[in-house]
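What follows is a set of notes on a single structure, which appears directly below.
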Amino acid sequence: MHSPFFQTYFHGTKADLKIGDQIKIGQNSNYGQKNYAKYIYLTATLDAAVWGAELALGDGPERIYLVEATGAVEDDPNLTDKKFPGNPTKSYRSKHPFKVVGEITVWQGHPQEQVDAMKNGLAKLKEQGIEAIED
């Protein structure tokens, strides 16, 4: 029997979405080379979602959505295998759509110098031919 309660996650982006929308693979990624997205990324921590919104490419406002997974999710190997063993960021990915069920409209971003440092670090990796997201 299915429970009426679902695990909700956060998704940080600059995309303008509405409740009921689905975030699906096949769109251009918010990050890196903006290639075809083979996975969709989500997190169970607000802080990781804030980073997602702050680092997303584009000119729109930073947004954080509450989403429900419609299929299996797995640990995000871009973080868990390389940077944070054990998945303390609670970062995940999936090939299945996420359903937007809400939006967090009041949240605190990171200090601008911290965001700039992160963006500069990602730019240096890009210059070295290292992509931030490896599918």
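The values are calculated or read from the model by the stated rules, or taken from the named source; none is laboratory data. Here the structure is a predicted model, which means the values were calculated and not measured. All Cβ positions, glycine included, derive from the backbone under ideal geometry; neighbour counts span all protein chains shown.
Within region 39-53, residues that are surrounded by fewer than 23 Cβ atoms within 10 Å (Cβ to Cβ) have Cβ atoms under 9 Å from residues that are at pLDDT 90 or above and assigned to a helix (DSSP H, G or I) in these pairs: Trp51/Val115, counting only partners at least 6 apart in sequence or on another chain. Checked against (1) assigned to a loop (DSSP other than H, G, I, E, B); (2) touching a helix residue (DSSP H, G or I) at 6+ places or on another chain (Cβ under 7 Å), Met118 meets all criteria but (1). Listed by first and then second residue, the pairs linking a residue in region 12-23 that is farther than 17 Å from Leu55 by Cβ to a residue that is in a loop (DSSP other than H, G, I, E, B), with Cβ atoms under 7 Å apart and 6 or more places separating them unless they lie on different chains, are Asp16/Gly60; Gln22/Pro97.
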